[in-house]
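Throughout, read-outs are computed from the coordinates displayed, never taken from laboratory work. From a predicted model like this one, the values you see are computed outputs, not experimental measurements. Note that each Cβ is placed from the backbone with ideal geometry, even for glycine, and that neighbours are counted across all protein chains shown.
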Ligand SMILES: C[S@@+](CC[C@H](N)C(=O)[O-])C[C@H]1O[C@@H](n2cnc3c(N)ncnc32)[C@H](O)[C@@H]1O
């Protein structure tokens, strides 16, 4: 149910900052649509005098929390509904709507929402705001948009949500809502390495906006970053008319060392995409079935011709250079093979009895009905990938999250690596001087990690990720020195064809 309680100190900090946006004489009408045990209600009672609170309303779907909260606040002036908020009817009168909403909504990722629930939520959020949320949106996005009709004109809303909405694709419609339907006041991004929720794999952000009677798009909003709401490390006042929902908002408050290039600098500098084709490694659909140790392959008597060497996960590859033996196999401790056969079933049945038997065991385990397998023909076939000389481990923590591995072997990789293939323009240089690839690998390893971090995305607990498109965008200007007479125009024009 996406349950992560707000630490009381943080709830208090958030409630204080929200109070500062509220006109002091007004009576408070408070709503928390994902009440839990009432972290925000508790904070509200601490900072507003009781006589200033007109009413308070909470929704909580989980009776474990709801009944505990009911008894905890039994003597308070609180209406707590033990219901699914997304099914509740908003009030129609402005005076019955909340003028302060504070919420830490459930963190339920989209793949845990059933298709029916998703369909219903998408429909009502669209009816409520005119915005069609992406199917990849987590439940918190629906909560955010659904409360639009619960908030009074001039009411202030404050949301503690995963900061990833600022950068990921599904966040675009959330940003659209913040830019077009309400007046955004402030967006604070917590420092992901000091995540406020140790147990949630999300970095947190807090947003404040006002629901205006009439949308005013001339204003500025404050973007801040750091561990504290009161004393952030970075604060920037940003003109909202210059912001777009397509931008990565986390970059607006990137720490100074993550300096972001201007548009012109970006145009002029050499990027990964100029020299490399970047692909994610293959998604097998069922690693346990398709990836085998040499002993398993031998036990099942699987023919070598259908076994492609594949690297284990980066944590089993300690060196950043992988040598090959005389057969092109990687010289590493944990050797693995991908079962890779595109022959039609009837041919396998006739000519490859051992492989046929192994595939039948897959059918018995229902592997053929797994999502990826179901969408392949035949179900056991794998995407074609040639081995790549350079690999990038695109998920990692700490200050140096990404590794670049120089691969001499014929092993391909699963999707825990990005595979970097030299484009023609680079391959021509390598053909003339085979040692160049090593030079390039060394130079790439010298690139300041922040250049990668700034292009990628970050999750709570400091987990950094870099998608192929994001790596493509990173500058590799230093490599120009080993590529005499390289013309950028030439490489970019070539890639158009
Ligand atoms: C992230 S927790 C936050 C709890 C509390 N507001 C706090 O800040 O500590 C989200 C809460 O929403 C509740 N919840 C999940 N789905 C809900 C729904 N559809 N309607 C109402 N509450 C829901 C969960 O049970 C959980 O208590």
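As I understand it, the value is the acute angle between the Cα axis of helix 436-445 and the longest principal axis of the Cα atoms of the chain; what does it come to in degrees, rounded to 10?
Long axis of 436-445 versus the principal axis of the chain: about 20 degrees.
Based only on Cα atoms, what Rg/Rh ratio does segment 1-107 have, Rh being taken as Kirkwood's radius?
Looking at segment 1-107, the ratio lands at 0.93.
Considering just Cα atoms, how many Å³ per residue does the convex hull of segment 8-253 enclose? Kindly include the intermediate steps, with their values, before the conclusion.
Numbers: hull volume 30.4 nm³, N = 246.
Roughly 124 Å³ of hull volume per residue.
Nearest 10 degrees is fine. How inclined is helix 8-19 to the longest principal axis of the chain, computing both from alpha carbons?
For 8-19 against the chain, the angle is about 60 degrees.
Does anyone have the angle between helix 63-72 and the longest principal axis of the chain? Alpha-carbon axes, 0 to 90°, nearest 10?
Helix 63-72 sits roughly 30 degrees off the main axis of the chain.
Restricting the count to DSSP beta bridges whose residues both fall in segment 8-253, what percent are antiparallel, rounded to a multiple of 5? Present the calculation step by step, with values, prior to reporting the outcome.
Values: 19 of 39 bridges.
Here the antiparallel bridges make up roughly 50 percent for segment 8-253.
Principal axes first, then extents: for the Cα atoms of the chain, list largest minus smallest coordinate on each axis, whole Å, largest first.
82, 58, 37
What list do you get for 419, 395 if you sort them by fewest beta carbons within 10 Å?
Values: 419 24, 395 17.
Going from least to most buried by this count: 395, 419.
Using the number of other C-beta atoms within 10 angstrom as an exposure proxy, rank 385, 403 with the fewest first. Please list the in-between numbers first.
Working: 385 19, 403 15.
Ordered by Cβ neighbours within 10 Å, fewest first: 403, 385.
How high is the relative contact order of the chain, in percent, with contacts defined as C-alpha pairs under 8 Å that are six or more residues apart?
On the way: 906 pairs, mean separation 63.2, N = 497.
Rounded, it is 13 percent for the chain.
Quick check on the exposure proxy: order 59, 142, 459 from fewest to most C-beta atoms within 10 angstrom. List each step's numbers first, then the result.
On the way: 59 23, 142 26, 459 20.
Fewest to most other Cβ atoms nearby, the residues stand as 459, 59, 142.
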